[in-house]
1. Just to verify a number: FRET efficiency for Ser20 and Arg145, C-beta to C-beta distance, R0 = 35 Å, to 0.05?
2. If you fit an axis through the alpha-carbon atoms of helix 59-74 and take the longest principal axis of the Cα set of the chain, what angle between them do you get, 0 to 90°, nearest 10?
3. Treating only the Cβ atoms of Lys and Arg (+1) and Asp and Glu (-1) as charged, compute the dipole magnitude of the chain about its Cα centre; round to the nearest 20 debye.
4. Show me the three semi-axes of the equivalent ellipsoid for the chain, from the C-alpha gyration tensor (sqrt of 5 times each eigenvalue), largest first, rounded to whole Å.
5. Would you mind computing, in nm to one decimal, how far apart the modelled labels at Gln138 and Trp267 are, each placed 7 Å from Cα along Cα→Cβ?
6. Excluding same-chain pairs closer than 8 in sequence, count the lysine pairs in the chain whose Cα atoms lie under 16 Å apart.
7. Run the quick spin-label model on Leu130 and Gln241: label points 7 Å from Cα toward the beta carbon, then report their separation in nm to one decimal.
8. Which order do the peptides 36-42, 265-271 take when ranked by the mean count of other beta-carbon atoms within 10 Å per residue, highest first?
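A short reminder: the numbers here are calculations on the coordinates, not readings from a lab. As the structure is a prediction and not an experimental result, all values here were calculated from the model. Here the Cβ positions follow ideal geometry from the backbone for every residue, glycine too, while neighbour counts run over all protein chains shown.
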Amino acid sequence: MIGSGATAAGMGHIVAMDDSEAQFALTRYSQQLWQELRPTLPDDVEYEQCGTIWVAADDEEMAEVWRKHDYYGKRGVPTQVLDTEALIRHEPNLRAGMWGGLLVPEDAVLYPPCAARFLMERAQEKGARLRLGAAATQIGQGRIRLTDGLEISAEVIVNAAGASSPDLLPGLEVRKRKGHLVITDRYQGFVNHQLVELGYLKSAHSVSSDSVAFNVQPRRTGQILIGSSRQYGAEHKEVDQEILGRMLQRAYEYVPGLKKMSALRTWTGFRAATPDKLPLIGPWPGDKSIFLATGHEGLGITTSLATGRLLADQITGRKTEIPMEPYLPSRATKEFAHA
Ligand SMILES: Cc1cc2nc3c(=O)[nH]c(=O)nc-3n(C[C@H](O)[C@H](O)[C@H](O)COP(=O)(O)OP(=O)(O)OC[C@H]3O[C@@H](n4cnc5c(N)ncnc54)[C@H](O)[C@@H]3O)c2cc1C
């Protein structure tokens, strides 16, 4: 099914991120492509430009607010520094005693499965043919073999199988990184922005241990989506009560009122993680018929449109809008070999 992998499990936060220049360039470019597409998005995509507030719980995190404010400002992304009072005015249900926050008003949220369906329909209008119900078992040398026995020949094959992409290219350095989410009943107006703790950066950066971070999102329905966790080496999709408990505990520390809410559903999904935290977009050096669009970890909804654009530009030989080198799969064979 279209959008059946991590896309169906993710949060749909469209966010400009500054972990590295390359990550910023890709997320911001893609965010702008989402803004361009916005007037054509159907209602069920639920695109809402609610903004992000990065919440600072101590002075160290407040220093990070100012650093981020400076970084984004220099690159043309509007932000607003909130002191304690302004933060509580924006989000009255945050616990008292926070140091402040950074509001990034152009960040948005959307509902990924409907966005994926919409993009697929547009591709079909332009002549794409969709074939569901048979997985690829082998790709390469301009041929794709499917589980139903069919073989398709193609000049260009794009491996966009997310966390399963190494199944089709053994040796590809993409690992599953499991995440949990919880969705509540409807509590309209309880949270107004995507709220993320600044400590989130520490947990998202950790490349080994399990981690949880406070990250909540208001849905148009009034529901609140609560995240998030990150785990390597947990390859079963069952909910892990221990990590779920830790994740909710973290959320209660920031928004105590969440404790009283009813949760409707809990689920997990697998991010496709690369060692250098950047996606793999472009030709695969081992086989000239194969291109990659994978390894987007926790940013693949944000960066989906830029990924499509960069890939199309590379395949057709057009000049790319942003430098494509940081995302080229050829780095995987050079750098990762020494990682
Ligand atoms: C808990 C969680 C929260 C997240 N939150 C956010 C967020 O807020 N913002 C954001 O930008 N990103 C977020 N992400 C990341 C985002 O969801 C992913 O990066 C993105 O969905 C990846 O899309 P994809 O199309 O590459 O992979 P997927 O959505 O996993 O799609 C891969 C597709 O390939 C298909 N497939 C697999 N193997 C085969 C095969 N052999 N043959 C044919 N087809 C195959 C699968 O069926 C699937 O449809 C989150 C992820 C998780 C898990």
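1. The pair Ser20/Arg145 has a calculated efficiency of 0.40.
2. Compared with the principal axis, the helix lies near 50 degrees.
3. 700
4. 34, 21, 20
5. Using points 7 Å along Cα→Cβ, the separation is 3.4 nm.
6. Lysine pairs, 8 or more places apart or on different chains, close enough: 7.
7. That separation, rounded to one decimal, is 3.9 nm.
8. Peptide ranking by packing, descending: 265-271, 36-42.
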